[in-house]
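Below is one structure; the comments refer to it alone.
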Ligand code: ASP
């Protein structure tokens with residue numbers, strides 16, 4: 001095997017005991033040379049994540065001119081970890097400097113939020129005896145807030161080339177004006193991918209608090225099986241539809257490298273976890289379905305017009321109406337004389353839906369327009385179904401037997417994904433039926 005980049009999430013960094021588990025994992029394999037860490041997460045259900053407290057610090061500065069009271073809670077968490085680990089480190093001095101910077105005019109929500117990862121990495125580097133390298137020196141955003149991938153890659157190569165055994169904070173970098181900028185929430189997963197690409201790792205290990213991706217949401221099926229391997233494309237489809245173990249954007253930096261990602265559990269390091277492999281590498285041959293994911297609360301704008309298929313520009317005109325309202329189209333199932341536009345109901349606040357329907361009537365003069373609300377979408381994803389017949393039949397039969405009415409069907413052209421729409425109230429039952437059909441028989 002070769003070089004590994006390991007990213008540890010918030011639960012793995014939540015307290016001194018968990019820092020100890022991380023250390024055991026790192027030291028058990030000398031190939032684990034580059035470590036990316038999140039800020040300490042929740043210790044139990046009632047706890048507050050450090051990142052959330054840091055955003056509150058920034059709000060306090062705006063409202064009250066000081067974050068002192070909220071920062072005290074953060075200070076206690078970090079000093080507690082350093083004390084419990086018995087580290088020789090002047091954490092109070094680092095915390096004083098951090099509090100001052102959040103209070104100062106150089107601060108911003110991104111700067112405040114980034115300090116959780118910064119402090120976490122400083123402590124972990126000290127604890128492991130590794131070198132600390134600040135993500136601000138490695139990760140660069142452009143003036144529009146997008147990652148400058150080429151610049152970043154060059155920086156990582158230049159700064160880390162001759163280094164071994166390094167800890168890097170996740171979640172943030174610097175923009176071209178020199179200001180700290182974060183990724184979206186959960187973004188340390190993206191940092192891990194970027195570092196793994198930059199240092200030419202052989203494997204990106206993403207250590208979290210579950211033993212990999214479950215076939216479906218364990219809140220619905222508590223004993224759902226763990227997926228042993230899935231492709232980048234399957235991951236993308238499942239993440240888009242709500243599976244949330246890994247940040248949905250974390251695969252993008254790795255696509256060109258074809259590097260696998262291994263999701264592992266810090267609290268059960270003996271488990272193999274889920275391996276995410278490049279599309280084309282395949283998953284096990286006998287597997288039809290890899291995973292089931294879904295989301296509630298979609299609205300379906302159903303449009304009917306005779307001879308719609310002969311009308312040049314019909315779909316474009318309908319989509320322009322939606323675009324003018326700045327709304328994303330999620331799916332677009334169509335028939336010969338029918339078109340359904342599926343959008344997230346959250347985007348349709350304050351009478352927007354009425355405006356859209358009226359504008360569609362004006363623009364394309366349909367015979368009939370109707371809006372279906374409270375629709376849940378469920379994606380059944382599997383690289384294996386592209387080569388087999390009968391998968392859709394099994395899904396539909398299982399749902400018919402359970403008396404679940406299907407309101408919409410959409411199959412992606414990759415043939416790796418069948419999406420069905422059902423009433424929100426049938427969502428859990430529908431996932432249970434599909435899981436039973438493919439994994440309990
Ligand atoms: N700490 C950040 C968050 O809570 C980033 C991360 O953990 O990946 O979103």
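Note that segment 202-269 shows a convex hull volume over its alpha carbon atoms of 88 Å³ per residue. What do you get for the angle between helix 188-198 and the principal long axis of the chain? Use alpha-carbon atoms, 0 to 90 degrees, nearest ten. Orientation of helix 188-198: about 80 degrees from the principal axis. Largest first and in whole Å, the equivalent-ellipsoid semi-axes of segment 351-424 read 31, 16, 11, each the square root of five times a Cα gyration tensor eigenvalue. In plain terms, the chain from residue 441 to residue 16 could stretch by 148.6 nm, reckoned as 0.36 nm per residue minus the Cα-Cα distance. Applying 1/(1 + (r/R0)^6) with R0 = 30 Å to the Cβ-Cβ distance of residue 389 and residue 347 gives a FRET efficiency near 0.25.
Adding -39500 (n - 2.57) for every DSSP H run of four residues or longer, then dividing by how many residues the chain holds, sets the calculated 222 nm ellipticity at -11000 deg cm²/dmol. With viscosity 1.002 mPa s and temperature 20 °C, the Kirkwood radius over alpha carbon pairs of segment 188-347 converts through Stokes-Einstein to a diffusion coefficient of 118 µm²/s.
Over all Cα atoms in the chain, the spread is summed up by Rg and Dmax: 24.3, 77 Å. Can you work out the FRET efficiency for the pair residue 93 and residue 257, with r the C-beta to C-beta distance and R0 = 51 Å, to the nearest 0.05? Taking R0 as 51 Å, the efficiency between residue 93 and residue 257 is 0.80.
Full extension of the chain between residue 143 and residue 244 yields a length gain of 33.5 nm, computed as 0.36 nm times the residue separation minus the alpha carbon distance. Size descriptors for segment 102-233: radius of gyration and Dmax over Cα atoms are 16.8, 50 Å. Averaging over all projection directions, the Cα-based convex hull of segment 23-145 occupies 9.2 nm² in the image plane. DSSP assigns beta bridges within the chain; of those with both partners inside it, close to 60 percent run antiparallel. Binning the alpha carbon pair distances of segment 305-441 at 5 angstrom intervals from zero yields the distribution 2, 9, 18, 18, 17, 14, 12, 8, 3, 1, 0, expressed in whole percent. Over all pairs of different C-alpha atoms, segment 144-196 has a mean inverse distance whose reciprocal, the Kirkwood radius, equals 11.9 Å.
Here the Gaussian network model covers the chain, with springs between Cα atoms less than 10 Å apart; of 222, 169, 278, 222 fluctuates the most. Can you give me the distance in nm between label points at residue 337 and residue 42, each placed 7 Å from the Cα along the Cα-to-Cβ direction? The answer from the label model is 5.2 nm. Taking every DSSP bridge with both residues inside segment 137-285, close to 45 percent are antiparallel. Between residue 108 and residue 79, the contour length at 0.36 nm per residue exceeds the alpha carbon distance by 8.0 nm. Under Stokes-Einstein, with the Kirkwood radius over Cα pairs as Rh, the value for segment 10-57 at 20 °C and 1.002 mPa s is 181 µm²/s. Which residue fluctuates the most in the chain, going by a Gaussian network model with Cα springs under 10 Å, if the choices are 314, 141, 267? Evaluated over the chain, the most mobile residue of the options is 314. Any idea what angle helix 50-64 forms with the longest principal axis of the chain, computed on alpha-carbon atoms, 0 to 90 degrees, nearest 10? Roughly 80 degrees between the two axes.
Shown is the FRET efficiency for residue 425 and residue 64, computed with R0 = 51 Å from the Cβ-Cβ distance and rounded to the nearest 0.05: 0.70. Note on the chain: with a GNM built from Cα contacts shorter than 10 Å, the maximum mean-square fluctuation among 345, 306, 38 falls on 306. Debye sum, Cα scatterers, segment 93-155, no solvent: what log₁₀ I/I(0) at q = 0.27 1/Å? Listed by q, the Debye log ratios stand at -1.14. If you line up the long axis of helix 91-103 against the longest principal axis of the chain, both from Cα atoms, how many degrees apart are they, to the nearest 10? Rounded to the nearest ten degrees, it is 50.
In this simple spin-label model, placing a label point 7 Å from the Cα along the Cα-to-Cβ direction at both residue 219 and residue 323 gives a separation of 3.5 nm.
Based on alpha-carbon atoms, the Kirkwood radius and the radius of gyration of segment 50-100 give Rg/Rh equal to 1.02.
Every number here is computed from the coordinates shown, using simple stated rules; none is lab data. In this text, all values refer to a predicted model and were calculated from it rather than measured experimentally. Here Cβ is always computed from backbone atoms with ideal geometry, including for glycine, and neighbour counts include all displayed protein chains.
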